[in-house]
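**Student:** Okay, handing you the structure first.
Nothing in this text is a laboratory measurement; each read-out follows from the coordinates by a stated rule. Because the structure is predicted, anything quoted here is derived from the model rather than measured. For neighbour counting, all protein chains shown are included, and Cβ atoms are generated from backbone atoms with ideal geometry for every residue, glycine included.
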Amino acid sequence: MVIVMKPQCSKEDIAGVENFLKKLNLGVHISEGSERTIIGVIGDKRLLADAPLELMSGVDRIVHIVEPYKLAGRTFKPENSVIRAANAEIGGNRIAVIAGPCAVESEEQIISTARFLKEQGVTFLRGGAYKPRTSPYSFQGLEEGGLRILAQARKETGLPVVTEAVSTKSLELAAKYADVIQIGARNMQNFNLLQEVGRMKVPVILKRGLSATIEEWLSAAEYIMNEGNYNIILCERGIRTFETYTRNTLDLSSIPAVKELSHLPIIADPSHGTGRWRLVTPMSRAAIAAGADGLLVEVHPCPKEALSDGPQSLNFDSFAGLMKDIHKIAAIVGREI
Ligand code: PEP
Ligand code: MN
């Protein structure tokens, strides 16, 4: 349920409603829009059965929400959320480009990639230090050593860093070094991890689960928001379908759908979404045209030698081509890069 306050209500009116709800031990989340304040109420609504909320000073109306997610929904916050991370903003007019290798493999690999990406004008450097691999025998990542290399690349290039956390332990370490934490597809419903990152302030990229519906994905975002962290960027990275030519099926329709249902920014990951480097640039163009707020793209100095996800990684030349293309599409849809 949300309580929509009147446009001209006072700070005391808002505090009055907030205190009333808190006395009943209900969770209170406040969204201050440019026109009105909306108060989200989480908890057992039976406690409010006899409460004349509509009669309280400053209250306009009560809206009951049927979706399982409330704070992530547009009813709670009609305006788009813009997430600030390091010196960048995601969800505004500017398209964010997050690029880098799947995994941090060596200092040389990351520093050379970061230097190239900086020249290309990307927004964030990415690289996994903890890799959630399908097989336990595949490269699992350099762990804290990898985080240190990412921090060094940031120091040398000024590019802020995105990296994945796979457990509560790696989350603590990753948050020490990185500007944005990625929660990967395989952990989208790792509820303890979601709650843990929800208790932090760090911006989070929440990837769509391998077989998750949009409702399940937004409910995962709700877990994080319900703990107080509203700094969430959703990432469409493809879902499992019967198609096997591509690694996953990049669900481009989820981009405008999520835009309708939620105020959170959404970016697209055509690398994991297709699994094939030749498809990455065309699907990047399509994602920007569909309204994505950014891209997450795997780039490697020598994809053939990559320790993970080489077949879907762009080399430097292909990535430079991608950047040129998306500048053109961005201009058509009235956005900047
Ligand atoms: C990744 O970004 O390298 C990754 C493992 O992605 P996903 O969780 O989408 O598979
Ligand atoms: Mn990868």
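**Student:** Give me the percent of DSSP beta bridges within the chain that run antiparallel, rounded to the nearest 5.
**Tutor:** The antiparallel proportion sits near 40 percent.
**Student:** Listing Cys102, Cys235, Cys9, Cys302 from the residue with the fewest other Cβ atoms within 10 Å to the one with the most, what is the order?
**Tutor:** Cys302, Cys9, Cys102, Cys235
**Student:** A further question on this structure: Among Lys77, Lys118, Lys207, what is the fewest-to-most ranking by other Cβ atoms within 10 Å?
**Tutor:** Lys118, Lys77, Lys207
**Student:** Can you tell me how the stretch 1-65 classifies by the Cα gyration tensor, rounded, prolate or oblate, using a/c under 1.5 as the rounded cut?
**Tutor:** Prolate, because a/c is 1.5 or more and a/b exceeds b/c.
**Student:** How do Ile181, Ile239, Ile332, Ile98 line up, fewest other C-beta atoms within 10 Å first?
**Tutor:** Fewest-to-most Cβ neighbours within 10 Å comes out as Ile332, Ile239, Ile181, Ile98.
**Student:** Between Thr213 and Lys169, 0.36 nm times their residue separation minus their Cα-Cα distance comes to what?
**Tutor:** Full extension from Thr213 to Lys169 adds 13.0 nm.
**Student:** Within a Cβ distance under 13 Å of Ser271, other residues only, what is the Lys/Arg minus Asp/Glu net charge?
**Tutor:** Around Ser271, the charge tally is +2.
**Student:** Would you be so kind as to identify all helices of the chain, as entire DSSP H runs, whose Cα atoms reach 24 Å or more along the helix's own axis and whose mean Kyte-Doolittle hydropathy is at least -1.0?
**Tutor:** 316-332
**Student:** About its Cα centre, what dipole magnitude does the stretch 212-337 give when the only charges are +1 on Lys and Arg Cβ and -1 on Asp and Glu Cβ, stated in debye to the nearest 20?
**Tutor:** Charge dipole, the stretch 212-337, about its Cα centre: 520 debye, nearest 20.
**Student:** Just how large is the dipole of the stretch 2-63 about the Cα centre, in debye to the nearest 20, putting +1 at every Lys and Arg Cβ and -1 at every Asp and Glu Cβ?
**Tutor:** The calculated dipole for the stretch 2-63 is roughly 120 debye.
**Student:** Positive end of the charge dipole of the stretch 136-208 (Lys, Arg +1 and Asp, Glu -1 on Cβ, about the Cα centre): tell me which of Tyr137, Leu173, Ile205 has its Cα farthest that way.
**Tutor:** Ile205
**Student:** Now for a separate question. State whether the chain is rounded, prolate or oblate according to the following rule on the C-alpha gyration tensor (a ≥ b ≥ c being the square roots of its eigenvalues): a/c under 1.5 gives rounded; otherwise a/b larger than b/c gives prolate, and the remaining case gives oblate.
**Tutor:** Note, shape of the chain comes out prolate.
**Student:** Run down the aspartates and glutamates and flag those whose C-alpha is under 19 Å from the C-alpha of Lys22, throwing out any fewer than 8 positions away in its chain.
**Tutor:** Glu12, Asp13, Glu32, Asp44, Asp50, Glu54, Glu227
**Student:** Report ³J(HN,Hα) in whole Hz for each residue of the stretch 124-137, in order, from the Karplus equation J = 6.51 cos²θ - 1.76 cosθ + 1.60 where θ = phi - 60°; Gly and Pro get x.
**Tutor:** Whole-Hz 3J(HN,Hα) from phi for the stretch 124-137: 9, 8, 10, x, x, 9, 10, 10, x, 7, 4, 9, x, 8.
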